[in-house]
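Undergrad: So that we are looking at the same thing, I have put the structure below in structure tokens.
The values are calculated or read from the model by the stated rules, or taken from the named source; none is laboratory data. This one's a predicted model, so the numbers in the text were calculated from it and none came from an experiment. Virtual Cβ from ideal backbone geometry, glycine too; neighbours counted across all protein chains shown. For accessibility, only protein heavy atoms count, side chains too; no ligands or nucleic acids. Shrake-Rupley method; radii C 1.70, N 1.55, O 1.52, S 1.80 Å.
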Amino acid sequence: MRLGIWILDKTKAIIVAHVYGHPADMNKIMEIAKKYNLKVIEDCAEVHGATYDGKMCGTFGDIACFSFYGNKIIATGEGGMCLTNDDTLAEEMRKLKNHYFGTPRFLHEKLGYNYRMTNIQAAIGVAQVEYADKLVQARIDNAHKYNELLAPLDFFNLPACRDNVKNVYWMYGVTIKDDSKISKEDFMIRLKEKGVDTRSFFYPVSMQNSYTRVVDSELIHDAPVAKHLYEHGFYLPSGGSLTDKQIETVVKKIKEVIDEL
Ligand SMILES: Cc1ncc(COP(=O)(O)O)c(C=O)c1O
């Protein structure tokens, strides 16, 4: 396995995506950023409430972005927020979000966008912040229940959790073991036939057509770990309102598929 880091003269920042509820290894990332004088932008879309070394995700980098899209732990349908401790960056983001209006009002000082969130969506989000701990805990409880019921089957690799993090299990992801008799796609289809819908892991960045067009081809490397995860991984029903009984049903259906192999 080769882990590659490409940092060029023009590299300005590292964008870290914390994935599926588990924080990225921030000590290492901050060390690299310091060594090469790079800014750090944390993508916290999937880690609302997660911590690394006891510190909240979103408080390590220069900017943190949160998505509140409908499938997130705190959800407003669409929209999100950015955090920063830097007043200049905050002002820049406020302007970028609102057409980069300057003075006088309708003079656009630079190219800006309409990334405004509506007040109604914000109100829906603020209300959820009041019980965010409960929303997060529900995902963690789901994951513990799945772990308990799936471990004895010894069929999937279950989600890992480092000692120094609070994993919020935004999604409960599993990978089919390498020696499995069935592909993940076929497993997902058979499970769906039994009434349990699942979702594939994301397509890796290294396999995205849009990036192969814009990035120097020699910088596109194999990313074998991401490719392997994509080819074997999918996530099980993970919503915060799942009951233990529903999780038991999902696992029962999984057992049926395995028994029929
Ligand atoms: C890690 C990550 N980043 C970014 C996004 C995009 O968020 P939005 O659709 O709110 O722009 C998502 C959404 O699924 C995500 O999971």
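Undergrad: For Ala143, are the conditions met, namely being more than 15 Å from the ligand (Cβ to nearest atom), surrounded by fewer than 13 Cβ atoms within 10 Å (Cβ to Cβ) and within 26 Å of Leu236 (Cα to Cα)?
TA: Considered against the rule, which asks whether it is more than 15 Å from the ligand (Cβ to nearest atom), surrounded by fewer than 13 Cβ atoms within 10 Å (Cβ to Cβ) and within 26 Å of Leu236 (Cα to Cα), Ala143 comes out as no.
Undergrad: Given the condition open to solvent by less than 90 Å² (accessible area, probe 1.4 Å), among the small types (Gly, Ala, Ser) and more than 16 Å from the ligand (Cβ to nearest atom), answer yes or no: does some residue in the stretch 78-86 qualify?
TA: Within the stretch 78-86, not a single residue is open to solvent by less than 90 Å² (accessible area, probe 1.4 Å), among the small types (Gly, Ala, Ser) and more than 16 Å from the ligand (Cβ to nearest atom).
Undergrad: If I filter the stretch 111-134 for residues that are open to solvent by 40 Å² or more (accessible area, probe 1.4 Å), of a type in the set (Asp, Glu) and either in contact with a strand residue (DSSP E or B) (Cβ under 9 Å, 6 or more places away or on another chain) or within 30 Å of Leu8 (Cβ to Cβ) (or both), do I get at least one hit?
TA: no
Undergrad: Quick check: is even one residue across the stretch 102-123 more than 26 Å from the chain's Cα centre (by Cα) and assigned to a strand (DSSP E or B)?
TA: The first filter runs over the stretch 102-123 and keeps only residues more than 26 Å from the chain's Cα centre (by Cα), leaving 102-112.
Now narrow it down to the ones that are assigned to a strand (DSSP E or B): 108.
There is at least one residue in the stretch 102-123 that is more than 26 Å from the chain's Cα centre (by Cα) and assigned to a strand (DSSP E or B).
Undergrad: Right, something else. Being surrounded by 14 or more Cβ atoms within 10 Å (Cβ to Cβ) and either aliphatic (A, V, I, L, M) or away from the ligand (no atom under 16 Å from the Cβ) (or both) is the requirement here; does Asn209 meet it?
TA: Against the criterion (surrounded by 14 or more Cβ atoms within 10 Å (Cβ to Cβ) and either aliphatic (A, V, I, L, M) or away from the ligand (no atom under 16 Å from the Cβ) (or both)), Asn209 does not qualify.
Undergrad: Now for a different question. Looking only at the stretch 15-35, decide whether some residue is near the ligand (Cβ under 10 Å from one of its atoms), surrounded by 13 or more Cβ atoms within 10 Å (Cβ to Cβ) and among the aromatic types (Phe, Trp, Tyr).
TA: Yes, the stretch 15-35 contains a residue that is near the ligand (Cβ under 10 Å from one of its atoms), surrounded by 13 or more Cβ atoms within 10 Å (Cβ to Cβ) and among the aromatic types (Phe, Trp, Tyr).
Undergrad: Here's another thing I want to ask about it. Considering only strands (runs of 3 or more DSSP E) fully contained in the stretch 1-87, which possess at least 1 residues that are modelled with pLDDT under 95, touching a Gly at 6+ places or on another chain (Cβ under 7 Å) and farther than 22 Å from Met171 by Cα?
TA: Values: elements: 13-17, 39-43, 63-67, 80-83.
Correct list: empty, since no element meets the threshold.
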